[in-house]
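Structure, as structure tokens:
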2 protein chains.
Amino acid sequence: MKTIELRSPYLIFLGSETELTYAKTGAGLVEWRRELCKGQLALEGGTVDLGLPAMSVAEAAAGGIGSLVIGTAVVGGNIPDEWLDVLVEAVEAGLDIVAGVHTKLCDIPRLAEAAAKSGARLVDVRVPPARLPVGNGKKRTGKRLLTVGTDCAVGKKYTALALERDMREMGMNADFRASGQTGIMIAGQGIPIDSVVSDFVSGAAELLSPDNTADHWDLVEGQGGIFHPGFSAVTMGLLVGSQPDAFVVCHEAGRTHISGWPDFPLPTIEDVIYRTIAIGVLTNPAISCVGVSVNTSRLKPEDRAPYLAELSARLNLPCVDPLKGGTKPIIERLNAAMDDRSAKAKRFLA
Amino acid sequence: MKTIELRSPYLIFLGSETELTYAKTGAGLVEWRRELCKGQLALEGGTVDLGLPAMSVAEAAAGGIGSLVIGTAVVGGNIPDEWLDVLVEAVEAGLDIVAGVHTKLCDIPRLAEAAAKSGARLVDVRVPPARLPVGNGKKRTGKRLLTVGTDCAVGKKYTALALERDMREMGMNADFRASGQTGIMIAGQGIPIDSVVSDFVSGAAELLSPDNTADHWDLVEGQGGIFHPGFSAVTMGLLVGSQPDAFVVCHEAGRTHISGWPDFPLPTIEDVIYRTIAIGVLTNPAISCVGVSVNTSRLKPEDRAPYLAELSARLNLPCVDPLKGGTKPIIERLNAAMDDRSAKAKRFLA
């Protein structure tokens, strides 16, 4: 395994943050991996509360914490000087530091020196592992579902995590596979695909969802958009390397244009389905769409159910808002599609 | 301009190479930019002759040479110790060193020190410029043709260069735009697209063919293949960022599979045309295919003309081997297509 790997359990560092909206990373960790989050640490003035026990660095070290995870993003994406005393203390106590901020941790001399002495790691989840391979396109064992989207920021990570939660609840064998920095913190491993050199994107995607048992589902977090004027190359490499058996299209109801690219109308969901299949058959001829995951937060509450029902009728696919009712209709369709596939295969072989 | 830019004219360094096949870079420079190649410099034992005047570093410095270009590739792609005395002498004399080898020039202490003193640059054409932008998808002025391919190593660079030569001969205003290391050495500028982080591939491609006059053609060197299991992300980003008005499909007659990926049959030329248009319309709805450039070297001499004639009849496109008869039939088709386009536009506006 050559992906980034974090050492759990975690102490979530919140700096002196006062607004929850800037502590999204920490909140995401608590939402999806509550069992790995053992404590939170705020500096003077910090008021954000993720509902975890307050914990000092000394308590964390004594309690077997693996990593201090920086759970907040400061505007500008750097590490403020006021954080350094605590971070150095953590490193000296042997805790790894995990961050997805713009400044590289190893470029901060005090941290780098402390880490060299204690052996703790400074893990930048924005930095891909070294020596990634070129994609080989070989079929891997196990099954894969990829979330794709009509645009960026339409719920691709959230949907993959909700599918993991719901599939596990239904007794299925499933793992979320992270391709972006927040996802990597939540999963405890992964590769920031959009930071990988383009020659190695599909190779990195292959590492993300390695061989597995026949009943196992990798739920791969998608990136970008196949019709995105800036990021389609990322999406392409991730799709080809993930060789998904199934995919879910993520969409935000009411969005009309690529966010930040006002000259580019949003593709239709049908466009995305068609293009994803057209490209995906290269490495998995059995690829199929099993549902649509919609962020309906911009709709009036009373419009949400009709919107999803109409969409579902139009596409003949389960369409859900994962925040409202979970993803089970999609999982049922997925299982039906797989049963159908194996029945067909048996008939063919009989 | 944020592409790599080389300082001409050049002194071609040939080491102690004895086989022309390992001096392809130098030979390419002489073939396509003879006017910029003022001399060649071989070490003891070197027998490769590119037909340039022999020139010492001292003569080069006195004669206003801008760069010493390493024109040979050693197996393993490093810089042998035996080269260092001459390279350091060149740097001390103020010549830039240009290389596309695996070892980074600036990682060689003697070279780095000499360069810091003299102000000469150590230019690694495999290293993209820093701070590349994300693609914005905005329409640029001037016209662009991209070479695409059924696979890697099917003549995309050669075809773009042959088109440049033939268009200039026909009095057209055209420039080759390099996206790979050898191309960058030939063009004297460019960006090694496959080394760019995937988030910035289409942004880098946009920089490669900037705004220009209405009659100007950029002839963009393609990379990878849109059906390639390893490199399709590179191809995607380059296509979207280049926003080509026209493209030429490059192909090797007789190739049946993706070279090095024996499980992947080669796509048909029709597949490549269709997929390139399907993707390319995102940033240029007027994109069209204007011809096919075939490497026919694996065919028997007597089979070449019939092969091209049959292909041309099948596709209704000019199909040429640029090494045998040049690319003029493609350029004529290109001009006819553009005339047709502007006639249609005029009718529409009348």
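Among residues belonging to region A:96-118 that are among the acidic types (Asp, Glu) and over 18 Å from residue A:74 (Cβ atoms), point out the one that is surrounded by the fewest Cβ atoms within 10 Å (Cβ to Cβ).
A:113
In region A:289-314, what count of residues is obtained for those that are over 15 Å from residue A:150 (Cα atoms) and not in a strand (DSSP E or B)?
Residues that pass the stated criteria total 17.
Could you please find all residues in region B:119-128 being more than 14 Å from every other protein chain (Cβ to nearest Cβ), surrounded by 16 or more Cβ atoms within 10 Å (Cβ to Cβ) and of a type outside the set (A, V, I, L, M)?
B:121, B:124
Given the criteria within 20 Å of residue B:174 (Cα to Cα), charged (D, E, K, R) and at pLDDT below 95, does residue B:333 qualify?
When the stated conditions are applied, residue B:333 does not pass them.
Which residue is farthest from residue B:285 (Cα to Cα), if the candidates are limited to region A:230-273 and must be away from every other protein chain (no Cβ under 11 Å) and polar (S, T, N, Q)?
A:242
Of the residues that make up region A:252-266, is at least one buried (at least 24 other Cβ atoms within 10 Å of the Cβ), among the small types (Gly, Ala, Ser) and modelled with pLDDT of 95 or more?
Looking through region A:252-266, none of the residues is buried (at least 24 other Cβ atoms within 10 Å of the Cβ), among the small types (Gly, Ala, Ser) and modelled with pLDDT of 95 or more.
Can you pull out every residue in region A:329-350 that is touching a strand residue (DSSP E or B) at 6+ places or on another chain (Cβ under 8 Å) and in contact (Cβ under 8 Å) with a residue 40 or more places away in the chain?
A:330, A:333, A:334, A:337, A:338
If you take the residues in region A:11-22 that are without any contact (Cβ under 8 Å) to a residue 60 or more places away in the chain and outside any loop (DSSP other than H, G, I, E, B), which one is surrounded by the fewest Cβ atoms within 10 Å (Cβ to Cβ)?
This residue is A:21.
Grab the strands (runs of 3 or more DSSP E) fully contained in region B:109-195, keeping just those with 3 or more residues being at pLDDT below 95.
Of the strands (runs of 3 or more DSSP E) lying wholly inside region B:109-195, none has at least 3 residues that are at pLDDT below 95.
Just wondering, is there one or more residues in region A:195-207 that are of a type in the set (Phe, Trp, Tyr), touching a Leu at 6+ places or on another chain (Cβ under 7 Å), farther than 23 Å from residue B:281 by Cβ and more than 10 Å from every other protein chain (Cβ to nearest Cβ)?
Looking through region A:195-207, none of the residues is of a type in the set (Phe, Trp, Tyr), touching a Leu at 6+ places or on another chain (Cβ under 7 Å), farther than 23 Å from residue B:281 by Cβ and more than 10 Å from every other protein chain (Cβ to nearest Cβ).
Among B:150, B:182, B:159, which is the only one that is within 14 Å of chain A (Cβ to nearest Cβ), within 28 Å of residue B:258 (Cβ to Cβ) and among the hydroxyl-bearing types (Ser, Thr, Tyr)?
After applying the criteria, what remains is B:150.
Tell me which residues, restricted to region A:210-224, are of a type in the set (Gly, Ala, Ser) and touching a helix residue (DSSP H, G or I) at 6+ places or on another chain (Cβ under 6 Å).
Hits for region A:210-224 are A:222, A:224.
Does region B:115-123 contain at least one residue that is within 30 Å of residue B:88 (Cβ to Cβ) and touching a residue at least 40 places away in the same chain (Cβ under 8 Å)?
Yes: one or more hits.
What is the one condition in (1) over 27 Å from residue A:127 (Cα atoms); (2) of a type outside the set (Ser, Thr, Tyr); (3) away from chain A (no Cβ under 14 Å) that residue B:222 does not satisfy?
That leaves (3) as the condition not met.
Go through (1) in contact with a Phe, Trp or Tyr (Cβ under 9 Å, 6 or more places away or on another chain); (2) surrounded by fewer than 23 Cβ atoms within 10 Å (Cβ to Cβ); (3) of a type in the set (S, T, N, Q) for residue B:213 and report which single condition fails.
Of (1) in contact with a Phe, Trp or Tyr (Cβ under 9 Å, 6 or more places away or on another chain); (2) surrounded by fewer than 23 Cβ atoms within 10 Å (Cβ to Cβ); (3) of a type in the set (S, T, N, Q), only one is false for residue B:213: (1).
In region B:67-99, how many are at pLDDT 95 or above, aliphatic (A, V, I, L, M) and part of a loop (DSSP other than H, G, I, E, B)?
2
Can you find even one residue in region B:162-179 that is within 14 Å of another protein chain (Cβ to nearest Cβ) and either among the hydroxyl-bearing types (Ser, Thr, Tyr) or crowded, with 24+ Cβ neighbours inside 10 Å (or both)?
Checking region B:162-179: at least one residue is within 14 Å of another protein chain (Cβ to nearest Cβ) and either among the hydroxyl-bearing types (Ser, Thr, Tyr) or crowded, with 24+ Cβ neighbours inside 10 Å (or both).
Would you check which residues across region A:137-147 are in contact with a helix residue (DSSP H, G or I) (Cβ under 7 Å, 6 or more places away or on another chain) and within 11 Å of another protein chain (Cβ to nearest Cβ) and list them?
Correct list: empty.
Filter region A:8-19 for residues that are touching a Gly at 6+ places or on another chain (Cβ under 9 Å) and not small (Gly, Ala, Ser) and give the result.
A:9, A:10, A:11, A:12, A:13, A:14, A:17, A:18
Among the residues of region A:29-44, how many are among the hydrophobic types (A, V, I, L, M, F, W, C) and either part of a strand (DSSP E or B) or more than 18 Å from the chain's Cα centre (by Cα) (or both)?
Within region A:29-44, residues that are among the hydrophobic types (A, V, I, L, M, F, W, C) and either part of a strand (DSSP E or B) or more than 18 Å from the chain's Cα centre (by Cα) (or both) number 4.
Take the residues of region A:274-296 that are more than 11 Å from chain B (Cβ to nearest Cβ) and free of Cβ contacts under 8 Å to residues at least 24 places away in the same chain: which is surrounded by the fewest Cβ atoms within 10 Å (Cβ to Cβ)?
Checked region A:274-296; the qualifying residue surrounded by the fewest Cβ atoms within 10 Å (Cβ to Cβ) is A:285.
Answer yes or no: is there a residue in region A:45-60 that is among the small types (Gly, Ala, Ser), assigned to a helix (DSSP H, G or I), over 27 Å from the mean Cα position of the chain (by Cα) and away from every other protein chain (no Cβ under 14 Å).
Taking every residue of region A:45-60 in turn, at least one turns out to be among the small types (Gly, Ala, Ser), assigned to a helix (DSSP H, G or I), over 27 Å from the mean Cα position of the chain (by Cα) and away from every other protein chain (no Cβ under 14 Å).
The values are calculated or read from the model by the stated rules, or taken from the named source; none is laboratory data. A quick note: this is a predicted structure, and the numbers were derived from the prediction, not measured. Here Cβ is always computed from backbone atoms with ideal geometry, including for glycine, and neighbour counts include all displayed protein chains.
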